[in-house]
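The values are calculated or read from the model by the stated rules, or taken from the named source; none is laboratory data. Only a predicted model underlies this, so the values are computations on that prediction, with no experimental measurement involved. Note that we place each Cβ from the backbone using ideal geometry, even for glycine, and neighbour counts take in every protein chain shown. Quick note on the areas: whole protein, heavy atoms, side chains included, nothing else; ligands and nucleic acids left out. Shrake-Rupley method; radii C 1.70, N 1.55, O 1.52, S 1.80 Å.
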Amino acid sequence: MEATSSSPVNRATTKLMMRTMSKVTLGRVENLFRSCHAIAKTGRTLKDFIWMCKLDDMKGVDIGPVFRTKKSARMFTYFIAEVERKNLREKLEKSKFFSVISDGITDSLIKEVELVYVQFAHAGKVHCQFVGVQTVERNDPLAIKNATEKTLEINLQLRLSSQDWAKKLVGFGSDGTHGIEGENNEVALLLREIQPCVQTVYCFAHHLELSYKVVFQNIPLYNDVKDLLHSIYHFYRNSPLHKSALRTAFKGLHLRPVMPSQIGDRKWLQGLQAALQNFLKGYPAIVRQLYSAGEGKSDTNQKKSKELLESLLQADIVKFAHFLLDVINVLSILSGVSKNRNSSIADIFATLESMLEMLQMYQTRLGPKERMMDSATHFHGNCLRGKENISAVRNIVLTHLIKRLQGCFRDASQNVVRATMIGSFKLWPTKINQEFGEKEVSILTAHYEPVLEAANVKLSEMDTEWSMLKLEIYARFPNIRKLTWDFVNSIYLHKYPNILTLVDLVLTLPASSAEAERGFSQVKWTKSHMHAKIKAEIMTDVLIIQLNSPDINNFDPRKAIHLWNTRTLSSTGDTRPNSDCSSNSESHYESD
């Protein structure tokens with residue numbers, strides 16, 4: 001007792017556990033915790049814990065006679081997740097800034113729920129971690145903001161409106177669905193009441209898809225092209241005979257076979273891009289095969305072949321397909337950058353500006369694919385019929401698409417977002433430029449002045465540190481593009497702490513809500529394996545283990561066991577509302 005009273009907290013906890021658990025008992029509990037971690041990590045139902053215990057018995061693994069119920073599995077899962085929550089809170093307390101990423105979803109299995117993540121950077125290393133799931137009472141901005149705050153408070157004891165945390169908040173990432181038609185997103189406005197410096201960034205992948213669908217859905221020519229691609233794909237997919245004949249047509253034309261592909265739903269942009277490319281490459285073989293099929297004996301095949309052939313030989317459809325591929329090729333570059341986890345807000349903004357400039361260029365001149373069809377009356381030797389001029393349609397498409405995509409940063413300061421380029425080595429000039437970044441550092445410093453001062457950053461030294469850091473980096477490293485900020489911090493943090501803290505702030509700003517989109521994929525996958533009506537707190541624990549905890553091979557259950565042991569021995573009970581995890585050890589034995 002004397003030794004324990006004078007020991008640090010961690011050692012005292014360990015000794016308490018060792019006093020209350022024998023070696024055999026500890027080994028048994030470790031096996032049980034590992035089973036629960038594996039079940040949660042793989043998204044299996046907690047009911048599997050019972051038969052896993054039976055399997056361990058058959059294999060001769062000693063897990064003891066108790067804690068073999070679904071209730072125990074739920075309890076162990078909670079404490080495994082609780083360790084990850086404590087770790088995340090400790091990281092956030094050490095960080096000087098953080099951003100909140102929130103996204104909502106509704107489908108046939110799930111109510112309206114919000115997934116909440118936090119993003120922060122420490123010494124140049126960016127962390128984006130899952131916090132929790134919260135059911136939204138109603139679909140409006142105030143309810144979404146309240147659900148986000150509630151998730152942070154329940155899981156991290158983080159009150160967003162408190163002064164300590166509000167002065168650290170620098171960004172908010174969202175899918176932008178709520179209030180997207182208005183000039184300002186109301187959720188963003190509500191968060192600015194907490195922290196006026198917050199920059200709001202919408203998920204580019206989601207915004208891109210939404211903008212595309214809104215612009216194209218009312219264009220009849222686009223729907224004709226889309227229906228044609230869909231019909232051609234199923235014409236060959238549903239008939240091995242037609243598919244074989246198409247391969248023969250490719251061989252007869254001495255072309256490499258390129259079969260029609262489906263317009264994807266999940267990867268919609270890549271699917272549409274591939275379908276258009278395959279359609280245009282395989283066009284001569286498809287036309288030849290359809291001519292042959294139209295001469296066949298089957299009335300059904302003849303009719304379908306002639307219908308497809310009629311559409312394939314329409315000049316406006318062929319030209320619009322080329323124009324559409326030009327647009328899709330540009331959009332797919334932005335989509336790829338926005339989905340890359342290593343992309344910063346500056347990378348996405350720079351790509352968006354280039355993409356908008358390219359689309360504006362297409363308003364006055366034809367794109368590379370469409371240029372090949374300019375004033376053409378034949379395509380691959382086939383005479384095209386009907387109306388050839390699509391200039392009116394293409395102008396409508398480009399005008400509306402540019403306008404929609406310009407709204408990606410409607411709730412963020414354009415100057416501040418543009419200034420974040422100093423945080424991406426991909427955007428640094430290859431050779432030193434004395435003026436590079438000076439204006440950007442001033443803009444960021446002025447905008448985030450109260451936040452930086454709260455983080456004890458010396459604003460007066462910022463400009464000097466930037467110039468000296470830049471000189472040292474260019475003098476020492478010949479290939480700037482390969483550098484990372486965590487590596488730079490490991491060398492220069494002691495010399496230039498103020499400017500590197502500003503870089504941490506820039507890296508903390510969310511590039512998109514793509515992480516939340518990935519989280520929703522995990523939610524759907526988990527719900528397909530677990531009970532569809534699983535509660536939000538249980539789903540939170542499972543997702544925290546899936547997304548934040550180590551993999552099965554590297555999982556160490558001892559911290560979770562220590563936490564569980566101290567809580568269950570304590571008469572004070574657990575702080576979690578309505579939890580079954582706070583009862584004492586004896587009651588657990590009785591329930592089991």
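Observations, loosely collected:
- When residue 399 is tested against (1) surrounded by fewer than 20 Cβ atoms within 10 Å (Cβ to Cβ); (2) touching a residue at least 60 places away in the same chain (Cβ under 8 Å); (3) under 30 Å from residue 216 (Cβ atoms), only condition (2) is not met.
- The requirement of being surrounded by fewer than 15 Cβ atoms within 10 Å (Cβ to Cβ) and hydroxyl-bearing (Ser, Thr, Tyr) is fulfilled somewhere in the stretch 235-247, by at least one residue.
- Close pairs (7 angstrom Cβ cut-off, 6 or more residues apart or separate chains): open to solvent by 50 Å² or more (accessible area, probe 1.4 Å) in the stretch 78-95, in a helix (DSSP H, G or I) anywhere: 89/156
- Number of positions in the stretch 194-211 that are over 14 Å from residue 509 (Cβ atoms) and at pLDDT 85 or above: 2
- Residue 503 vs. criteria under 21 Å from residue 345 (Cβ atoms), in a loop (DSSP other than H, G, I, E, B), modelled with pLDDT of 90 or more and touching a helix residue (DSSP H, G or I) at 6+ places or on another chain (Cβ under 7 Å): no
- Residues that are among the hydrophobic types (A, V, I, L, M, F, W, C), touching a Ser or Thr at 6+ places or on another chain (Cβ under 7 Å) and part of a helix (DSSP H, G or I), drawn from the stretch 383-425: 401, 405
- Taking every residue in the stretch 39-54 that is touching a residue at least 60 places away in the same chain (Cβ under 8 Å) and pairing it with any residue that is crowded, with 21+ Cβ neighbours inside 10 Å, at least 6 positions away or on another chain, the pairs with Cβ-Cβ distances below 6 Å are 40/77; 40/542; 40/545; 41/545; 46/73.
- The stretch 294-371 holds helices (runs of 4 or more DSSP H) entirely within its bounds, and those carrying 2 or more residues that are open to solvent by less than 30 Å² (accessible area, probe 1.4 Å), in contact with a helix residue (DSSP H, G or I) (Cβ under 6 Å, 6 or more places away or on another chain) and of a type outside the set (Ser, Thr, Tyr) map to 299-312, 315-339, 345-364.
- Residues of the stretch 40-91 that are in contact with an Asp or Glu (Cβ under 9 Å, 6 or more places away or on another chain) and over 20 Å from residue 543 (Cβ atoms): 56, 62, 63, 65, 66, 67, 68, 69, 71, 72.
- Every condition in (1) open to solvent by 30 Å² or more (accessible area, probe 1.4 Å); (2) in contact (Cβ under 8 Å) with a residue 60 or more places away in the chain; (3) not aromatic (Phe, Trp, Tyr) holds for residue 211 except the one numbered (1).
- Of the criteria (1) farther than 30 Å from residue 131 by Cα; (2) open to solvent by 10 Å² or more (accessible area, probe 1.4 Å), which one residue 63 fails: (2)
- Which numbered condition residue 163 fails, given (1) open to solvent by 50 Å² or more (accessible area, probe 1.4 Å); (2) at pLDDT 90 or above: (2)
- Scanning the stretch 17-31 for residues that are open to solvent by 50 Å² or more (accessible area, probe 1.4 Å) and at pLDDT below 85 yields 18, 19, 20, 22, 23, 24.
- Hits in the stretch 312-331 - residues which are of a type in the set (Val, Ile, Thr) and closer than 18 Å to residue 215 by Cβ: 327, 328, 330
- Residue match in the stretch 473-490 (condition: within 14 Å of residue 123 (Cα to Cα), of a type in the set (Gly, Ala, Ser) and either open to solvent by 70 Å² or more (accessible area, probe 1.4 Å) or part of a helix (DSSP H, G or I) (or both)): yes
- Residue within the stretch 507-518 that is assigned to a helix (DSSP H, G or I), closer than 25 Å to residue 69 by Cα, at pLDDT below 90 and acidic (Asp, Glu) present: no
- Residue check, residue 385 in contact with a strand residue (DSSP E or B) (Cβ under 7 Å, 6 or more places away or on another chain) and either closer than 20 Å to residue 222 by Cβ or modelled with pLDDT under 85 (or both): yes
- Cβ pairs under 8 Å, 6+ apart, first in the stretch 549-563 and in contact (Cβ under 8 Å) with a residue 40 or more places away in the chain, second among the aromatic types (Phe, Trp, Tyr) and assigned to a loop (DSSP other than H, G, I, E, B): 549/555
- Residues that are under 31 Å from the mean Cα position of the chain (by Cα), of a type outside the set (A, V, I, L, M, F, W, C) and not in a loop (DSSP other than H, G, I, E, B) within the stretch 426-438 comprise just one, 426.
- Looking at 409, 379, just one residue is under 17 Å from residue 316 (Cβ atoms), of a type outside the set (Val, Ile, Thr) and either out of contact with any Pro (no Cβ under 7 Å at 6 or more places or on another chain) or open to solvent by 50 Å² or more (accessible area, probe 1.4 Å) (or both), and that residue is 379.
- Residue, modelled with the highest pLDDT, within the stretch 413-424, restricted to residues that are of a type outside the set (S, T, N, Q) and open to solvent by 10 Å² or more (accessible area, probe 1.4 Å): 421
- Looking across 545, 534, 538, one residue alone is under 29 Å from the mean Cα position of the chain (by Cα) and at pLDDT 90 or above. It is 545.
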